[in-house]
Amino acid sequence: DVARARVDAWADGYPRLGEFRDSEGRPPRHGWFFPGEEYKPHYLDQLATLVRAGFGEVEFHLHHDGDTSHTLAPRIADHLKTFSQHGHLSRRGSGFQWAFIHGNWSLANGRPDGKWCGVDDELPMLHELGCYVDLTFPSAPDPCQPDKVNQIYWPVGDLTKRRSYEHGERARVGASYEDRLLMITGPLALARKGFGMRLENGALTGNDPPTAARVHTWIEQGIHVEGRPEWVFVKVHTHGAIEKTAASLLGEGGRVMHQTLQRYMKDGWKLHYVTAREMFNVARAAMDGKAGEPSAFFDYIVKPPPAAS
């Protein structure tokens, strides 16, 4: 009952943010990275209603432990099929295309103690199953945090090794890879808080809701594809089902965040509310040398899922 009420709160509350619009007149668009192990039909049906109304898209999230690629891959494949039955996930032939956030940030067996994953070769396994982008990071102060900060990058080197996401080539105009997933990280910075400093890691919680100062910090990090600095990417994250956190996003904190973004538009910026899929498409368009309005490339490579079509 608690879980159902949490999902229903989003179904009821998120459309109210539709009073805010971006430069294309689109409302805020959320990425619901739903944990496969928490599946119930009602949850994904409710989210499908929001998707059809233009408020976002559902992607894949998973908490797991003690796996190998041989035990994990078939379980993920089953989850993807289940998600697709509700109209979620983009299609590619008979398979799926999807974005990923790892539970407990433990991508590619990233924890020092080996908990909450177990799969050293997780990156190539995910890509083989249709994953095109990972948005797990930043995770600081969690030890899974890589040295790659405020970047969009391609993992390089031996991708079968533990924490292979540590090594990467920054995404740039004129270069891209088709044989691996892309890493898009969110803002990580030291920011002023009163008379002291705080770690800004893009986490929106009930205890740390969005503020105007936080929005400024996110934008100041200037995350972009090298060679296209005018397209700035801001990716923040939340565990939004928790009541206190949901209230901060669907209530005053969310309003402050969107009101601050509206002021940027008045100052001459162009704002684009995007899902994870659309963010990936814009990044890939930048790598292919595309310019102009990012909105022209929202569906550039990965097409919308059936529920959004």
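Considering region 166-195, the residues that are touching a strand residue (DSSP E or B) at 6+ places or on another chain (Cβ under 7 Å), open to solvent by less than 60 Å² (accessible area, probe 1.4 Å) and charged (D, E, K, R) include one that is nearest to Asp134 (Cα to Cα), namely Arg180. Please verify whether Asp65 is within 30 Å of Gly114 (Cβ to Cβ) and touching a Lys or Arg at 6+ places or on another chain (Cβ under 7 Å), treating the condition exactly as stated. Spelling it out, Asp65 is indeed within 30 Å of Gly114 (Cβ to Cβ) and touching a Lys or Arg at 6+ places or on another chain (Cβ under 7 Å).
Counting only strands (runs of 3 or more DSSP E) that sit wholly inside region 45-102, those with at least 1 residues that are in contact with a His (Cβ under 9 Å, 6 or more places away or on another chain), at pLDDT 95 or above and not acidic (Asp, Glu) are 56-62, 95-102. When each of Arg214, Arg198 is tested for being in contact with a strand residue (DSSP E or B) (Cβ under 9 Å, 6 or more places away or on another chain), modelled with pLDDT under 95 and not in a loop (DSSP other than H, G, I, E, B), the lone residue that passes is Arg198.
Taken over region 132-159, residues that are over 17 Å from His102 (Cβ atoms) and in a strand (DSSP E or B) amount to 2. Any chance region 114-131 includes a residue that's closer than 29 Å to Glu293 by Cβ, open to solvent by less than 20 Å² (accessible area, probe 1.4 Å) and outside any loop (DSSP other than H, G, I, E, B)? Yes, region 114-131 has at least one match.
Sub-7 Å Cβ pairs linking a first residue in region 184-196 that is of a type in the set (Lys, Arg) to a second residue that is surrounded by fewer than 21 Cβ atoms within 10 Å (Cβ to Cβ), at least 6 apart or interchain, number zero. Within the set Gln97, Gln85, Gln145, the sole residue that is among the polar types (S, T, N, Q), farther than 22 Å from Tyr300 by Cβ and either buried (at least 18 other Cβ atoms within 10 Å of the Cβ) or in contact (Cβ under 8 Å) with a residue 60 or more places away in the chain (or both) turns out to be Gln145. The number of residues in region 15-31 being outside any helix (DSSP H, G or I) and touching a residue at least 40 places away in the same chain (Cβ under 8 Å) comes to 10.
Residues in region 33-45 that are surrounded by 15 or more Cβ atoms within 10 Å (Cβ to Cβ) and free of Cβ contacts under 8 Å to residues at least 40 places away in the same chain: none. Just one of the numbered conditions (1) under 30 Å from Gly268 (Cα atoms); (2) crowded, with 18+ Cβ neighbours inside 10 Å is not true of Arg21: (2).
Residue pairs whose Cβ atoms lie under 6 Å apart, separated by 6 or more positions or on different chains, with the first residue in region 46-66 and under 18 Å from Glu24 (Cβ atoms) and the second of a type in the set (Val, Ile, Thr), are Gly56/Thr275; Glu57/Val51; Glu57/Thr275.
The values are calculated or read from the model by the stated rules, or taken from the named source; none is laboratory data. Please read all numbers here as calculations on a predicted model, not as lab measurements. Neighbour counts are summed over all protein chains in view; Cβ atoms, including those assigned to glycine, are modelled from backbone coordinates with ideal geometry. For accessibility, only protein heavy atoms count, side chains too; no ligands or nucleic acids. Shrake-Rupley method; radii C 1.70, N 1.55, O 1.52, S 1.80 Å.
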